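Notes to accompany the following structure.
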């Protein structure tokens, strides 16, 4: 069963800076501590990454997955869907952005379905960690 979770924060940086960070997939390992590698597999006619393969640490092990990105709601939303993953059936989500008084309100949502069922409290703890860390790390990178 797919679990949905969300997190939001205000980043003291302009929307265009937040966008440039989330679109620079190959640099994720420099600021997102669980991402060990990010490789762009394909780009659209505007040069934006449409498929990215990741190697990350998750649940105490290394995992590989490939995401496909959707730019149809730029500049307010970047969404993605799982193409392939070794420990998950679903990893779909989005960043949504709203510019507010020189800063940016970021809303991060994620749907996860793992191949191996886990107890509810373990899943919730893992989801909370993923969401909180992703938003916290984006905020730290954008405000630096």
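See the values below:
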| item | result |
| --- | --- |
| Strands (runs of 3 or more DSSP E) lying entirely in the range 3-84 (those with 1 or more residues that are surrounded by 17 or more Cβ atoms within 10 Å (Cβ to Cβ) and in contact with a helix residue (DSSP H, G or I) (Cβ under 7 Å, 6 or more places away or on another chain)) | 3-11, 35-43, 49-58 |
| Flag if residue 45 is free of Cβ contacts under 8 Å to residues at least 12 places away in the same chain, within 18 Å of residue 142 (Cα to Cα) and more than 14 Å from the chain's Cα centre (by Cα) | no |
| Residues located in the range 109-144, provided they are at pLDDT 85 or above, over 17 Å from the mean Cα position of the chain (by Cα) and part of a helix (DSSP H, G or I) | 143 |
| Residue in the range 101-108 that is at pLDDT below 85, in a strand (DSSP E or B) and crowded, with 16+ Cβ neighbours inside 10 Å present | no |
| Lone unmet requirement of (1) buried (at least 18 other Cβ atoms within 10 Å of the Cβ); (2) at pLDDT 95 or above; (3) part of a strand (DSSP E or B) for residue 91 | (2) |
| Selection count where residues are within 20 Å of residue 113 (Cβ to Cβ) and out of contact with any strand residue (DSSP E or B) (no Cβ under 9 Å at 6 or more places or on another chain), scope the range 42-91 | 2 |
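The values are calculated or read from the model by the stated rules, or taken from the named source; none is laboratory data. Nothing here was measured: the structure is a model prediction, and the numbers come from that model. Cβ sites come from the backbone with ideal geometry, for glycine too, and all protein chains shown count toward neighbours.
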